[in-house]
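Notes for the one structure printed next.
Rule-based calculations on the coordinates, nothing more; no lab input. Not measured: the values here are computed from a predicted model. Cβ atoms come from the backbone with ideal geometry, glycine included; neighbour counts cover every protein chain shown.
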């Protein structure tokens, strides 16, 4: 029976496929459904997960167009790597660049519950890896490198194929530096406020030392932020101009707040 293939954005299970324990009519019917669905959609492989079954079953075609039925498949060995252009029915045959093992060894069971093994290379190895991924609730997006994943996910979100150089994210790693800077300056403000309730000169001197070294630390962090932010921004050339303005503005604002805090601290805490 021809089955509907699950497609994005309908989620796949994130759990492992359930291994087959009963080699019965239900299993045989599932395998026939996989074959019928492959024929209807002209596919070279299909996992039971892709038609809504949670059983660990994969059917693929070899180079002679013969069906290979793999029950409870496990990849046990691999060697070499290749870069492939792959498509999958889950993402509407959208193509992506993936790094795969060139040669693999797989163990599995046949319909009679016999243990078997298979060595594959080239296209057959790629198809097997992609379909076995599904038995772990994964798609080929989990195998992409950082740049390809950004490009692919952006296409899924917008429907427009925008490369990494044309993509401008809203969250950067450099934001963590600014967050740390703001925490330090927040503690400096707390330190300053607490000084209003302290009369001990020696303790105020200690608080001033804390303020001063915190001041120097924040200056250093702002310098690190400025140069790292530019390095990070070069990865996204299409929005470099707006990023540079944002980087400069963030540093200026941070320095204004910092010097205001240290200026007030100087007159309240500095013993000299």
Measuring from the longest principal axis of the C-alpha atoms of the chain, the long axis of helix 201-233 (C-alpha) lies at a number of degrees, nearest 10, equal to 40 degrees
Top mean-square fluctuation among 188, 38, 144, Gaussian network model of the chain, C-alpha springs under 10 Å?
-> 188
Rounded to the nearest 500, the 222 nm mean residue ellipticity computed for the chain from DSSP H runs (n ≥ 4, each -39500 (n - 2.57)) alone is -16000 deg cm²/dmol
Cα centroid separation, the stretch 190-204 to the stretch 207-228 (Å) | 21 Å
Treating the angle as unsigned and between 0 and 90°, give the value, to the nearest 10°, between the Cα long axis of helix 175-195 and the longest Cα principal axis of the chain.
-> 30 degrees
Calculated FRET value between residue 180 and residue 252, using beta carbons and R₀ = 22 Å, to 0.05 | 0.75
Angle, helix 122-134 long axis vs. longest principal axis of the chain, Cα atoms, 0 to 90°, nearest 10?
-> 70 degrees
For the stretch 64-106, how big is the tail of P(r) above 16 Å, as a whole percent of Cα pairs?
-> 60 percent
The stretch 25-161, Kirkwood Rh and Cα Rg, ratio Rg/Rh at 0.97
Efficiency of FRET between residue 210 and residue 142 - r from beta-carbon atoms, R0 51 angstrom, step 0.05 | 0.65
Give the residues of the stretch 50-72 whose amide nitrogen is closer than 16 Å to a point set 7 Å from the Cα of residue 22 in the direction of its Cβ.
-> 54-56
Per GNM of the chain with C-alpha springs under 10 angstrom, the most fluctuating residue out of 223, 141, 71 is 223
Among 197, 155, 140, the residue with the largest mean-square fluctuation in a Gaussian network model of the chain built from Cα contacts under 10 Å is 197
Which order do the peptides 21-32, 114-125 take when ranked by the mean count of other beta-carbon atoms within 10 Å per residue, highest first?
-> 114-125, 21-32
Would you work out if the chain is rounded, prolate or oblate? Take a ≥ b ≥ c from the square roots of the eigenvalues of the alpha-carbon gyration tensor; rounded if a/c is under 1.5, else prolate when a/b is larger than b/c, oblate otherwise.
-> prolate
